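Colleague: Dumping the structure here so I can ask a few things about it.
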Amino acid sequence: MFKKRISEKKYEEKNLITLIDPTSIISEEFRTLRTNIQFSMIDKELKTLMVTSSKQGEGKSTIAANLAVVFASQGKKVLLVDADMRNPSLHKLFKVRNQQGLTSILTTKNRQLRSLLHETSQENLNLLTSGILPPNPSELLASQRMAQFIEAVKQEYDLIVFDMPPVNVVTDAQVMGNKADGTVFVIRKEVADLSEILKAKELLNLVQANVLGAVFNSKERVKGLNGGYYAKEKELDTVG
């Protein structure tokens, strides 16, 4: 129902690996992550999923985008939302314009979502970019209009994936923490440190966020397995 066709359908190969090379080892790891998320929510319906990290540069946006792709490839109707209204990047990943998006919904009364959505080359997956950067992202996320938006899209989609700012940098992820059914926490090797991870966990616990688990990004691959197949696999170059 809510669809907007785009003429530009180019993607950055290293980041949207599940679209470019769905048979790769990395794509299979995202499908495994999808399965783990589903098992962790076996007793509760998963409609809204938040992806965040402790600090910038850990790859949360790339993880969010690829997770949305693999859930959509399973036949679920998925909406990927760039809720990082301070440093958005999903429009860059999907090569679309970002003049309008989530901020348009939250700042304009009765704004229709249909005209703001981007269709992707993955069937069942729509993208809502952040839109113009507002001066008060936290207040917008905490607003009644945001709550109404979430309830509305839950009626149209099987899963909504929110790409959020890092927990330790701003309060946005905390604001959304108790609104999302589940949270995936991204940890990037050689970027995050233990003190920052523990601080982020404490901040999420304060708002009773349902942290489903952590993704350890850019892990080392084991060479020599399966005749060198793993050694040939390139490491995912993530953003966010």
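Read-outs: derived from the displayed coordinates by stated rules, not from any lab. On a predicted model such as this, the values are computed, not experimentally measured, just so you know. Cβ atoms come from the backbone with ideal geometry, glycine included; neighbour counts cover every protein chain shown.
Colleague: Residue farthest toward the positive end of the dipole of the chain, with Cβ of Lys/Arg at +1 and Asp/Glu at -1: which of 121, 56, 192?
Modeller: 121
Colleague: Determine, for each peptide in 112-125, 134-147, 82-95, the mean count of other beta carbons within 10 angstrom over its residues, then list the peptides with the highest first.
Modeller: In descending order of packing, they fall as 82-95, 112-125, 134-147.
Colleague: Continuing with the same structure: Per the helix-only calculation at 222 nm, which mean residue ellipticity applies to the chain, given -39500 (n - 2.57) for every DSSP H run of n ≥ 4 and division by its residues, nearest 500 deg cm²/dmol?
Modeller: Calculated mean residue ellipticity at 222 nm is -10000 deg cm²/dmol.
Colleague: Additional query: For segment 173-222, run through the GluC sites (Glu not before Pro) and keep only the ones in DSSP coil with at most 10 other Cβ atoms within 10 Å of their Cβ.
Modeller: Working: sites: 190, 196, 202, 220; in loops: 190, 220.
Answer in residue order: 190, 220.
Colleague: Here are a few candidate values for Rg/Rh (Cα atoms, Kirkwood Rh): [x] 0.98; [y] 1.03; [z] 0.95. Which one was actually calculated from the structure I just gave you?
Modeller: Only one listed value fits the structure, namely [z].
Colleague: Still on this structure, please answer the following. If I model a spin label at residue 201 and residue 32 as a point 7 Å from the Cα along the Cα→Cβ vector, what separation in nanometres do I get?
Modeller: 2.2
Colleague: Kindly work out what percent of the DSSP beta bridges joining two residues of segment 17-232 are antiparallel, to the nearest 5.
Modeller: About 10 percent, rounded to the nearest 5.
Colleague: Would you please name the GluC sites (Glu not before Pro) within segment 17-104 that are DSSP coil residues with at most 12 other C-beta atoms within 10 Å of their C-beta?
Modeller: Values: sites: 28, 29, 45, 58; in loops: 45, 58.
Qualifying residues, ordered by number: 45.
Colleague: For the chain, with the dipole built from +1 on Lys and Arg beta-carbon atoms and -1 on Asp and Glu ones, taken about the Cα centre, which of 46, 70, 91 lies farthest toward the positive end?
Modeller: Going by the Cα projections, it comes out as 91.
Colleague: Which of the listed residues, 160, 215, 176, is farthest toward the dipole's positive end in the chain, when Lys, Arg count +1 and Asp, Glu count -1 at the beta-carbon?
Modeller: Positive-end residue among those listed: 160.
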